[in-house]
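In what follows, a structure is listed as structure tokens, so that the remarks can point back to it.
Here, each number is a calculation from the coordinates, and none is a lab measurement. Here the structure is a predicted model, which means the values were calculated and not measured. In this analysis, Cβ positions are derived from the backbone assuming ideal geometry, glycine residues included, and neighbour counts consider all displayed protein chains.
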Amino acid sequence: MKRLSRAAGAAAFVASAALLAGCAGVGTGASSSSGTLPKLDPDQKAQIVFESYNLLQAGVWTDTVNQLVDEFEAKHPNITVKAQGTQGAATAGQNTVGSVQTQLLAGNPPDVAQITFDGLDYIVNEVGAQPIEKLVGRDAIDEHFGGEYPFDARARVLADWDGITYGLPYVFSTPVLFYNATALEAAGFGPDVDLSTWEKVKDVAKAVTAKTGKPAISTECVGGKQSSWCFQAIVRSAGGRVLSENRKDFEIADGGALTAVTMLRDLSDEGLLLNADLNGGVEAFQRGDSVFSLMSSAATPYFAPAAKAGGWTLASAELPGFDGRESVPTQSGSALFMFSTDPVKQAAAWEFMKWMTSPRAYEVITSNFGYLPLRPTLTDEGGPLHDWLEKNPLMAPNLEQLGRLEPWVSYPGKSYVQINDILTSAVDDAVFYGKDPAVTLRKAQERAQAMIDE
């Protein structure tokens with residue numbers, strides 16, 4: 001059966017019952033000592049559904065997912081994969097949890113789904129994602145994450161909860177500072193321009209804005225509900241947190257978080273920061289109106305053709321830090337979670353999840369999407385991505401930041417979506433609309449706290 005969802009969607013950036021092991025049709029092959037899921041017999045037929053928000057994106061995103069599914073089916077002729085886009089969403093990365101939850105209530109959830117990291121707490125504790133480590137065992141998880149091109153140590157635990165692996169980290173990026181090197185040169189800044197801190201970026205942006213009369217900086221870190229992953233990176237870089245490490249208290253009005261918002265407000269007040277949502281920021285950079293764009297590296301397929309068409313040079317740098325502090329990148333993107341409770345489908349789903357996070361998958365995904373290869377030694381000399389990286393230096397800052405990655409923190413409780421809306425709206429009000437940062441963030445923090453203290 002051929003997959004669905006090859007149709008174009010709007011391009012943007014950017015789960016539960018206990019296992020019943022031993023049912024008919026599942027082989028009795030060896031499993032790890034702590035796992036309960038038998039292996040699928042080679043002649044046992046299985047059909048699974050894979051839900052991916054990348055299938056809402058036309059062109060290279062949809063083509064890449066379908067290519068990997070085709071290759072998987074060729075290697076596993078007994079397993080058929082029906083691929084579908086996130087249900088009820090028009091934009092990639094939206095409604096990933098709601099889609100699965102709706103289908104669960106209807107009794108037909110996808111067997112594997114691509115879920116953004118902001119839903120981790122909810123998908124584990126409220127929706128019921130299957131704990132794959134308990135199904136397949138720790139040995140099988142470790143074996144998958146190892147091999148010739150092992151998974152990055154920081155990345156491999158991003159879909160864990162209370163020390164148990166629930167999902168396999170799949171595709172994501174860190175915040176990358178793209179810039180128009182041609183415009184910077186015209187403003188008097190050469191290829192060795194120092195963009196390591198926000199203060200230095202501000203100095204360059206002021207010179208460019210004075211020349212162009214337009215805000216020099218666009219970003220997905222503020223300006224909408226999808227900004228939280230990137231905003232958290234700026235907060236962490238300033239030494240703050242949005243949520244305490246014990247996940248009990250919001251801290252968006254305190255310390256480094258307030259420092260981060262005050263810095264962004266200063267950029268806005270000086271006319272350097274564009275007030276736009278994600279799509280507006282992307283379009284402004286593509287047109288050459290803004291010359292800096294702090295975005296996921298997944299913006300590369302948008303920015304590279306625009307630069308070529310516009311006759312300007314696209315370059316990239318790491319997330320800026322604050323004076324005296326190295327920047328702390330967080331990750332965008334998603335992990336793969338299992339929702340099937342049928343052992344045959346679970347066994348097939350596990351094989352598919354392994355394939356989509358295999359060295360071959362990251363070879364295809366990285367070279368097509370611009371997402372991080374979560375098996376980074378693929379880029380070492382002799383690895384399948386080495387020559388590609390040499391020809392695509394825009395990926396270098398993204399890879400460099402992988403070594404100090406911190407998680408995109410999901411908000412606790414059933415109201416995590418509403419909490420995100422409250423916090424992002426408060427940040428936008430403080431940065432762009434003249435509201436006092438300290439007062440506005442304190443009110444938002446108190447509202448968010450009340451929602452998890454109920």
* Structure fact -> Here the FRET efficiency for ASN275 versus LYS308, based on Cβ atoms and R0 = 30 Å and rounded to 0.05, is 0.60
* Net charge contributed by nearby residues that have their C-beta within less than 14 Å of ALA210 (K/R +1, D/E -1) -> +2
* **Per-residue ³J(HN,Hα) for the range 36-52, Karplus 6.51 cos²θ - 1.76 cosθ + 1.60, θ = phi - 60°, Hz, x for Gly and Pro** => 10, 9, x, 6, 7, 4, x, 9, 7, 7, 8, 10, 10, 10, 10, 9, 9
* Gain upon complete extension [GLU446, ASN78; 0.36 nm per residue less C-alpha separation] -> 127.1 nm
* **Residues of type lysines that LYS248 reaches as a straight line, Cα spacing below 20 Å, ignoring anything fewer than 8 places off in the same chain** => LYS414, LYS443
* Residues of type lysines that LYS391 reaches as a straight line, Cα spacing below 24 Å, ignoring anything fewer than 8 places off in the same chain -> LYS308
* In the chain, what % of DSSP beta bridges are antiparallel (nearest 5)? -> 60 percent
* Structure fact -> Non-local residues with an amide H under 5 Å from the amide H of GLY321, with H modelled 1.01 Å from N and Pro and chain starts lacking one, are THR197, TRP198, SER327
* For the range 177-239, what is the relative contact order in percent, using Cα pairs closer than 8 Å and at least 6 residues apart in sequence? -> 17 percent
* Residue among LEU177, TRP161, THR64 farthest towards the positive dipole end of the chain, charges placed on Cβ -> THR64
* Asked: Which one is right for this structure if semi-axes √(5λ) of the Cα gyration tensor in Å is calculated from it: [x] 38, 25, 19; [y] 61, 29, 23; [z] 30, 28, 21?
  -> [x]
* Asked: So, with +1 on the Cβ of K and R and -1 on the Cβ of D and E, and no other charges, what is the size of the charge dipole of the range 52-198 about its Cα centre, to the nearest 20 debye?
  -> 400 debye
* Asked: Farthest toward the dipole's positive end in the range 308-454, which of MET395, PHE337, ASN368, given Cβ charges of +1 (Lys, Arg) and -1 (Asp, Glu) about the Cα centre?
  -> PHE337
* To do: Please work out how much length the chain gains when fully extended from ARG360 to ASP43, using 0.36 nm per residue of separation minus the C-alpha to C-alpha distance, in nm with one decimal.
  => 111.7 nm
* Asked: With θ set to phi - 60° and the Karplus curve 6.51 cos²θ - 1.76 cosθ + 1.60, what are the ³J(HN,Hα) couplings of the range 107-124 in order, to the nearest whole Hz, using x for Gly and Pro?
  -> x, 9, x, x, 6, 9, 9, 8, 10, 6, 5, 5, x, 4, 4, 5, 5, 7
* Positive minus negative residues near PRO109 (Lys, Arg vs Asp, Glu; Cβ under 12 Å) -> -2
* Nonlocal amide H pairs with TRP312, under 5 Å, H built at 1.01 Å -> none
* To do: Could you run the Karplus curve 6.51 cos²θ - 1.76 cosθ + 1.60 with θ = phi - 60° over the range 268-283 and give me ³J(HN,Hα) per residue in whole Hz, x for Gly and Pro?
  => 5, 4, 8, x, 9, 10, 6, 8, 7, 7, 4, 5, x, x, 4, 5
* Asked: Between VAL157 and VAL439, what is the label-to-label distance in nm when each label sits 7 Å out along the Cα-to-Cβ direction?
  -> 4.3 nm
* Straight-distance crosslink candidates among lysines, where the alpha carbon sits under 19 Å from LYS200 and sequence neighbours closer than 8 are dropped -> LYS211, LYS214
* **Listed peptides 96-103, 289-296, 410-417 by packing density, highest first (mean Cβ within 10 Å)** => 289-296, 96-103, 410-417
* Under 19 Å from a point 7 Å along the Cα-to-Cβ line of ASP194: which residues of the range 309-344 have their amide N that close? -> 316-328
* **Within the range 153-310, percent of DSSP bridges classed antiparallel, to nearest 5** => 65 percent
* Between ASN392 and ASP203, what FRET efficiency follows from the Cβ-Cβ distance if R0 is 35 Å, with the result rounded to 0.05? -> 0.75
* Asked: Normalised by the residues of the range 361-405, what does the relative contact order come to in percent, with Cα pairs under 8 Å and at least six apart?
  -> 28 percent
* To do: Give me the distance in nm between label points sitting 7 Å out from Cα along the Cα-to-Cβ direction at ALA106 and GLU381, one decimal.
  => 5.4 nm
* Size of charge dipole - the chain - debye, nearest 20, with Cβ of Lys, Arg +1 and Asp, Glu -1, no other charges -> 800 debye
* Structure fact -> Restricting to Cα pairs under 8 Å and 6 or more apart, the percent relative contact order of the range 171-310 works out to 33 percent
* Structure fact -> Once amide hydrogens are built 1.01 Å from N within the peptide plane, the residues lying 5 or more places from ALA83 or on another chain with amide H under 5 Å from its amide H are ARG3, LEU4, PHE50
* If packing is taken as the mean number of other Cβ atoms within 10 Å per residue, what is the order of 75-82, 104-111, 313-320, 262-269, highest first? -> 313-320, 262-269, 75-82, 104-111
* To do: Calculate, for ALA210 and ASP323, the FRET efficiency according to 1/(1 + (r/R0)^6) with r their C-beta to C-beta distance and R0 25 Å; round to the nearest 0.05.
  => 0.65
* **Within-15-Å neighbourhood charge of VAL97 [Cβ basis; K, R +1; D, E -1]** => -3
* Structure fact -> Semi-axes of the range 46-123 from the Cα gyration tensor (sqrt of 5 times each eigenvalue, largest first, whole Å) come to 22, 16, 10
* Helical mean residue ellipticity (222 nm; -39500 (n - 2.57) per DSSP H run of 4+; nearest 500) of the chain -> -12000 deg cm²/dmol
